[in-house]
Amino acid sequence: MNAKGIAAVLIAVTIAATLFMPISNVVTGNTGTQSVVNETATADVGTAVDLDGYEVVGDSETVYYDNGSGWTTATSGTDYSFDDNSASVTALSGGSIDDGAALRVSYDYQATSGSTTTIAGLIPLFVALLILGVLAAKTMDGL
Amino acid sequence: MLDFMKMTAKSAVANARSEDRAQTNLVGLFIGLMIAAIVAIQVFIPVVNDAIASSNVSGTEATILGLLPLFAALLLLIALASPLMRRI
């Protein structure tokens, strides 16, 4: 292998290695159970407000509201109802949350489960093996 | 002698071109796989899961749709595994 070839392999491996951490972060940040802290929304009394997550872990949500006098913890069933499947919060009429009040919702949701989590978790390992494989193969070729 | 030199030079140029192409392919492969991994995991899987959660599908339809993220992850794993099996 000539100098140009060596440089190209090193560039390829550097690109792959640089992208390894983002890949690893993307996998860990989007698979399994994920926590969302203080997602903001605006209350619309009687109407469900959709949040970013889905498949929310039962009773993991905490809703805070601000009617203009600071943040207060809302009570499930009295102030709001929560749909775990679609991750939506509905401010209940007769509750303490005013229409248009600012909401902060913290919850855990199941980004992926079962085999998908297991297989997706293997992806960083395969990326690392690919980087190692390229280096090893090129070394064997006489790098 | 001149013919031999010309042939050697041509052969060297051909080898260099072929090697350049191989290295370009290697860089392209890495970049492609990394982009595919990020798009599949950060975009495809959450979007499909969100769509399933916010739609009213149930039974067999929900089961099949629920398998899509698994298949995306499998596809990605195979895409990463095949160059490994070929030892690049």
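The values are calculated or read from the model by the stated rules, or taken from the named source; none is laboratory data. If you're wondering where the values come from, they're calculated on a predicted model, not measured in any experiment. FYI the Cβ positions are ideal-geometry reconstructions off the backbone, even for glycines, and counts take in every protein chain you see.
Points worth noting:
- Of the strands (runs of 3 or more DSSP E) contained entirely in the range A:60-113, those carrying at least 1 residues that are surrounded by 15 or more Cβ atoms within 10 Å (Cβ to Cβ) and among the charged types (D, E, K, R) fall at A:62-66, A:80-83, A:102-110.
- Members of the range B:48-88 that are at the interface with chain A (Cβ under 9 Å from one of its Cβ atoms), free of Cβ contacts under 8 Å to residues at least 24 places away in the same chain and either closer than 27 Å to A:T139 by Cβ or in contact with a Leu (Cβ under 6 Å, 6 or more places away or on another chain) (or both): B:I52, B:L77, B:A81, B:L84, B:R87
- Only one of A:A128, A:A87, A:A101 that is under 30 Å from B:M85 (Cβ atoms) and touching a Phe, Trp or Tyr at 6+ places or on another chain (Cβ under 9 Å): A:A128
This table checks each residue for (1) modelled with pLDDT of 90 or more; (2) within 18 Å of A:A16 (Cα to Cα); (3) not β-branched (V, I, T).
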{"site": "B:V43", "(1), (2), (3)": "yes, no, no"}
{"site": "B:P46", "(1), (2), (3)": "yes, no, yes"}
{"site": "B:D50", "(1), (2), (3)": "no, no, yes"}
{"site": "B:S54", "(1), (2), (3)": "no, no, yes"}
{"site": "B:I64", "(1), (2), (3)": "yes, no, no"}
{"site": "B:P69", "(1), (2), (3)": "yes, no, yes"}
{"site": "B:L74", "(1), (2), (3)": "yes, no, yes"}
{"site": "B:S82", "(1), (2), (3)": "no, yes, yes"}
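- A:L130 loosely packed, with under 15 Cβ neighbours inside 10 Å and over 24 Å from B:G66 (Cα atoms): no
- Here the condition is being touching a residue at least 40 places away in the same chain (Cβ under 8 Å) and more than 26 Å from the chain's Cα centre (by Cα); of A:L135, A:L130, it holds for A:L135 alone.
- Residue check, A:D108 farther than 25 Å from B:A73 by Cα and among the acidic types (D, E): no
- Any hit, the range A:43-56, residues being part of a helix (DSSP H, G or I), within 14 Å of another protein chain (Cβ to nearest Cβ), closer than 25 Å to B:I41 by Cα and within 20 Å of the chain's Cα centre (by Cα): no
- Subset of the range A:21-39 that is assigned to a helix (DSSP H, G or I) and in contact with a helix residue (DSSP H, G or I) (Cβ under 6 Å, 6 or more places away or on another chain) - its residue that is farthest from the other protein chains (Cβ to nearest Cβ): A:S24
- Of the numbered criteria (1) away from chain B (no Cβ under 14 Å); (2) free of Cβ contacts under 8 Å to residues at least 12 places away in the same chain, the one A:D79 fails is (2).
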